[in-house]
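A.B. asks: Can you keep this structure in mind? I'll have questions shortly.
The values are calculated or read from the model by the stated rules, or taken from the named source; none is laboratory data. Source: prediction; values computed, not measured. Cβ placement follows ideal geometry from the backbone for every residue including glycine, while neighbour counts extend to all protein chains displayed.
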Amino acid sequence: MRNSKLAALRAAFLYTVPIFAGFWFLAMAYGIQMSTSGFAFWYPMVMSAVIYGGSLEFVAVSMLLSIAGGTIVYMLLIQFVF
């Protein structure tokens, strides 16, 4: 039983490396964008855990930096729509 699981893991690992590389690149780009925008290092981690939509995280950076008064309310509403 253990050998079959290990063999399946070895076979699947080669297929997951390109996907991992893509996610890693996007995560690094998002972290760099948040860092250069002036947010603390923990903020992107919290937003990645809370926001379930990869591209919305990039949009949220500009929304948080905007001067509009209801930005947080707008972000919550857009979460329910998408």
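A.B. asks: Restricting to region 47-68, what's the tally of residues that are of a type in the set (Val, Ile, Thr), outside any loop (DSSP other than H, G, I, E, B) and surrounded by fewer than 11 Cβ atoms within 10 Å (Cβ to Cβ)?
C.D. replies: 1
A.B. asks: Could you check how many residues of region 1-35 are within 22 Å of residue 66 (Cβ to Cβ) and hydroxyl-bearing (Ser, Thr, Tyr)?
C.D. replies: 2
A.B. asks: Name the pairs whose Cβ atoms lie under 9 Å apart, with the first residue in region 1-24 and modelled with pLDDT of 85 or more, the second surrounded by 10 or more Cβ atoms within 10 Å (Cβ to Cβ) and acidic (Asp, Glu), and 6 or more positions between them or separate chains?
C.D. replies: No pair meets every condition.
A.B. asks: While we're looking at this one, here's another question. Could you list all residues from region 36-47 that are under 13 Å from residue 64 (Cα atoms) and of a type in the set (S, T, N, Q)?
C.D. replies: 37
A.B. asks: For residues in region 1-44 being aromatic (Phe, Trp, Tyr) and in a helix (DSSP H, G or I), which is nearest to residue 57 (Cα to Cα)?
C.D. replies: Once the filter is applied, the top-ranked residue is 30.
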